[in-house]
Each structure stands twice: as C-alpha cells, then as structure tokens.
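The values are calculated or read from the model by the stated rules, or taken from the named source; none is laboratory data. Everything quoted here is computed from the prediction, not taken from an experiment. We place every Cβ from the backbone using ideal geometry, glycine too, and count neighbours over all the protein chains shown. For the accessible areas, the whole protein counts, side chains as well, though only heavy atoms, and no ligand, DNA or RNA atoms are used. Shrake-Rupley method; radii C 1.70, N 1.55, O 1.52, S 1.80 Å.
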Amino acid sequence: LLEEAENERMHLMTALQLKQPSRLFKWCVIGTQGVFVGMFSVWYLISPRFCHRFVGYLEEEAVKTYTKCLEDIESGALEHWKTQPSPEVAITYWNLPEDATMKDVILAI
C-alpha cells in the first residue's frame, strides 16, 4: 500500500504541475487527504481485507479512466496532449525521455 500511495502521490503532483490550482484548492486536497488517511487507517485496523479490496477497485477505475484518456487523445478531444510537454516531475518519476509528452505520461501510468 505504501508503494501505491507514492504512485498516487506522483499522479497528483503531475496533475498539479499541469493545472496550477489555487491555494484554496491545494489546502482542500491536503485536508481531504488527511481525512482519508485517518479514516482508511481506522478501517485498515478493522478489516485489512476490505481495504485491500477497496484499493483494487480504485485501481480498476484508474485503468478505465486512463484508457478513456488515451481514447480521447487519439480521437481529438485531448489532441493537444500529443504535443504538450510532460512536467519534469513525471519525466523523473517514470524515467521518460526529456522530450516526453502528456500522452507518454498517460502510457507510462
């Protein structure tokens, strides 16, 4: 779960580099993460099996989301991601070439 948490953190860091959200939004994300970690920890003490299954469901949804994202890149809805440069944090984390695009990031994820 710790490796998965680090991976999800890198997804968030990549998204934050793309959008540059406001300070309020960032604090809302931090607050939500704090609440989630607290609740998840309690649930993990009660039922680790439930928590592992929950993470599995989240991963299934992530696969669907990133597959849809790739479809949108190819169909033209997100066509600019074919050429938009990847954030440096994504290039470093996923060991991408220096000229990587957002499409390369989605494929790496």
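Contact map, segment 1-21: residues that are surrounded by 14 or more Cβ atoms within 10 Å (Cβ to Cβ) paired with residues that are of a type in the set (Lys, Arg) and in a helix (DSSP H, G or I), Cβ distance under 8 Å, separation 6+ or inter-chain. Pairs shown: 16/26.
Here residue 39 passes the criteria (1) within 25 Å of residue 69 (Cα to Cα); (2) assigned to a helix (DSSP H, G or I) except the one numbered (1).
Within segment 53-91, the set of residues being over 15 Å from residue 106 (Cα atoms) and touching a Leu at 6+ places or on another chain (Cβ under 8 Å) comprises 55 only.
For segment 53-79, the candidate set comprises residues that are within 23 Å of residue 4 (Cβ to Cβ) and of a type in the set (Val, Ile, Thr); within that set, the residue that is surrounded by the most Cβ atoms within 10 Å (Cβ to Cβ) is 55.
Restricting to segment 22-52, and then to whatever is among the aromatic types (Phe, Trp, Tyr) and touching a helix residue (DSSP H, G or I) at 6+ places or on another chain (Cβ under 7 Å), can you tell me which residue is surrounded by the fewest Cβ atoms within 10 Å (Cβ to Cβ)? Walk me through it before giving the result.
As a first pass, look at segment 22-52 and keep what is among the aromatic types (Phe, Trp, Tyr): 25, 27, 36, 40, 43-44, 50.
If we keep only those that are touching a helix residue (DSSP H, G or I) at 6+ places or on another chain (Cβ under 7 Å) as well, we get 40, 43-44, 50.
Numbers: 40: 15, 43: 13, 44: 15, 50: 11.
The selected residue is 50.
Scanning segment 80-101 for residues that are touching a Lys or Arg at 6+ places or on another chain (Cβ under 8 Å) and open to solvent by less than 70 Å² (accessible area, probe 1.4 Å) turns up 81, 101.
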